[in-house]
Each structure stands twice: as C-alpha cells, then as structure tokens.
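Inspection log for the structure reproduced underneath, given as structure tokens.
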Amino acid sequence: MWQAPDFMTLKHGHTTFVHIFNGEFNPLIIQMKYYIITGTSSGLGEALAEEAILQNFKVFCISRRLNSRLKQLGADKRSGLWYFEHDLTRISEIQPLMKEIFSFIDEQSAIEINLINNAGVVQPVGPLGKLNAEDILGHININLTAPVTLINEFIRETERFKCRKNIVNLTTGAASHPYFGWSLYCSSKAGVDMLTRVGGLEQSSSEFPVRIMAIAPGVVDTPMQQQIREVDPGDFPMKPKFDKLHKEGKLVPPSEAARSIIKMIDSDKLVNGEITDLRKI
C-alpha cells in the first residue's frame with residue numbers, strides 16, 4: 001500500500017498549490033463529494049472550506065494567499081485538501097487551473113461535485129466619474145468575469161459526468177437594489193444573478209445537467225464588512241447602516257452562514273436557475 005506524505009506543494013504555471021492527502025492511497029474508495037471553493041483566504045470562503053473539510057468532503061481551495069489554518073485543519077483531519085494560490089484576475093489562466101483541478105477528481109467515485117463562487121470584492125467604492133479604470137477592470141474580473149469563466153470550465157469538464165453537479169454563486173441584495181457609490185458592486189452582482197438564471201435555463205435541457213443557483217447569505221461578518229465601515233461616507237452614504245449592524249451585533253457569523261449554505265446544497269430546496277435569500281428561509 002502506497003503511503004503519501006501529509007502534504008505536497010506543487011507548481012502549475014504561476015499557480016502554487018498544496019495537496020494534503022488522507023494517508024494511504026486506496027483505489028477502492030467510492031462515493032466522494034468534491035467542493036471547489038474560491039476566496040478561501042478569509043471570511044465566508046474560509047468558513048465554507050472549513051465546514052466542507054469537517055464533513056470529510058474533498059476540497060479544492062482557490063485564493064491569492066495560502067490559508068495556513070485550513071492547511072493545518074486538512075492535515076489534522078487527514079482529508080483530501082488541495083490548495084491553489086491563484087489570483088482570479090488572471091482570467092486566461094482559469095481554464096488550465098480548472099483542468100488541473102479536474103485531473104484530481106475521479107469520475108467513477110464522484111457522487112457530487114460542487115463549485116462555490118464566493119470570491120468577491122466591494123472596492124472601489126465611490127460615484128462614477130471618480131473611479132480608476134484599472135480598479136474598475138479588477139473589480140469586474142473578480143466579481144463577474146472569473147465566475148463566468150469558472151462556470152464555463154466546470155460545465156465543460158463535467159459535461160459527461162452523471163453524478164450530482166451543483167454551482168452556487170454567492171450574491172447579495174445589492175444585485176437588485178441600487179446603492180450610491182456601489183455602481184460596480186451592484187452591477188457585477190446583478191450580472192451574477194442573470195448569469196445564474198441563464199445558466200440554469202441552458203442546463204435544463206442538458207442530458208446530464210448542472211444545477212446552477214445563487215444564494216444571498218445576508219450581511220456576514222467578513223473583512224469586506226470592515227472595508228465598508230472604513231469608507232468615506234461621502235462616497236457611500238449608506239455607511240451608517242452598516243456601522244449600526246456591526247455595533248448592534250447583527251452581522252451573521254461566517255461559520256453560521258457556511259453551515260446554512262452547505263446544508264442548502266445538500267438538500268433539494270435550491271431550484272435550478274433561481275436566487276435564494278437565506279434570510280427568507
């Protein structure tokens with residue numbers, strides 16, 4: 001029986017990834033659940049990855065920075081954890097990244113494969129006419145172009161897979177409500193919602209369809225919320241609302257939101273092509 005090291009760091013192009021093995025290699029292992037999660041360096045993405053690891057799912061993390069805590073948790077649990085240090089603004093590298101990820105997924109043993117598009121930014125904040133062109137491009141790349149590309153490659157790679165397949169895009173109420181200073185955030189998230197609807201429509205006629213859904217988790221206590229509390233009220237007049245939510249302890253803990261999202265994915269409550277607000281369930 002082949003004995004694997006606890007973890008291995010490998011290079012793929014400009015991407016570094018760490019694979020934490022589950023001890024002995026066993027070719028007879030069956031019924032694997034896989035999760036591909038973006039934005040796992042902190043916040044909700046970190047909590048989603050942690051929850052998936054604790055449930056002994058096979059987890060692929062993607063973020064610009066390696067999360068050492070998740071790496072240690074994967075080693076302690078002796079789970080299957082692959083960690084890709086990758087900047088999702090490098091759109092042209094997403095296709096080979098996804099191909100690399102799927103090279104580790106065993107089609108025969110997979111009973112479920114999930115992609116959670118969690119990575120996102122709120123910056124730059126401010127009215128149109130005051131934004132930097134490069135910041136605009138970076139925002140759209142992270143919040144919209146990267147999810148489009150990840151979804152495209154996920155569907156391409158799993159086209160003939162007969163197992164259960166889910167894509168969950170994390171969204172927000174700002175996708176349907178305009179906020180002064182959030183022209184980019186509102187627009188990019190509205191794009192994600194429509195991407196969900198169109199993708200769901202297309203997959204409804206597929207032979208082996210992928211369920212594509214969006215979930216709005218509410219106002220979660222993440223580094224993004226801290227950034228919002230630090231902006232100039234002149235650029236974002238709704239800042240006092242978020243200050244109040246934080247002061248009154250009304251932000252949702254990331255671990256609570258993560259458990260709810262994983263539970264929803266495992267259930268049949270999510271409908272293909274639809275947006276679900278966790279606050280209304």
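Structure data summary
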{"read-out": "Amide H contacts under 5 Å for Thr276, placed H, 5+ residues apart", "value": "Ala214, Ile215, Ala216"}
{"read-out": "Point-charge dipole on Cβ atoms (K/R +1, D/E -1) for the chain, about Cα centre, debye to 20", "value": "420"}
{"read-out": "Whether region 168-270 is rounded, prolate or oblate, judged on the alpha carbon gyration tensor where a/c under 1.5 counts as rounded", "value": "oblate"}
{"read-out": "Ser63, Ser79, Ser204 arranged by Cβ crowding within 10 Å, fewest neighbours leading", "value": "Ser204, Ser79, Ser63"}
{"read-out": "Cα gyration tensor shape for region 151-209, rounded if a/c is under 1.5, else prolate or oblate", "value": "prolate"}
{"read-out": "Stretch gain in nm, segment Lys99-Lys241, where the contour uses 0.36 nm per residue and the Cα spacing is subtracted", "value": "46.8 nm"}
{"read-out": "Under the span-like rule (Cα at least 24 Å along the axis, Kyte-Doolittle mean at least -1.0), DSSP H helices of the chain", "value": "183-203"}
{"read-out": "Sorted by Cβ density within 10 Å, fewest first, the residues Ser206, Ser187", "value": "Ser206, Ser187"}
{"read-out": "Other-chain or far-sequence residues with amide H under 5 Å of Ile167's (modelled H)", "value": "Leu115, Arg211, Ile212, Met213"}
{"read-out": "Among Gln227, Thr145, Ile155 - extreme Cα towards positive end, dipole of region 131-246, charges at beta-carbon", "value": "Ile155"}
{"read-out": "Stretch gain in nm, segment Ile91-Arg197, where the contour uses 0.36 nm per residue and the Cα spacing is subtracted", "value": "35.9 nm"}
{"read-out": "Taking N as its residue count, the alpha carbon Rg of region 114-186 over 2.2 N^0.38 Å", "value": "1.34"}
{"read-out": "Contour excess over end-to-end distance, with Cα ends at Glu107 and Ser68 and 0.36 nm allotted per residue", "value": "11.1 nm"}
{"read-out": "Three-way shape call for region 57-101 based on the alpha-carbon gyration tensor, with the a/c threshold at 1.5", "value": "oblate"}
{"read-out": "Geometric extent, Cα atoms of the chain - Rg, Dmax (angstrom)", "value": "18.7, 64"}
{"read-out": "Expected 222 nm ellipticity per residue - DSSP helices of 4 or more, -39500 (n - 2.57), all of the chain, to 500", "value": "-11000 deg cm²/dmol"}
{"read-out": "Within the chain, percent of DSSP bridges classed antiparallel, to nearest 5", "value": "30"}
{"read-out": "Amide N proximity, region 164-200 versus Gln227 label position 7 Å along Cα-to-Cβ, cut-off under 20 Å", "value": "169-193"}
{"read-out": "Cα convex hull of region 219-281 - mean projected area over all directions, nm²", "value": "5.4"}
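Readers should treat all values here as calculations from the given coordinates under stated rules, not as data from a laboratory. As the structure is a prediction and not an experimental result, all values here were calculated from the model. FYI the Cβ positions are ideal-geometry reconstructions off the backbone, even for glycines, and counts take in every protein chain you see.
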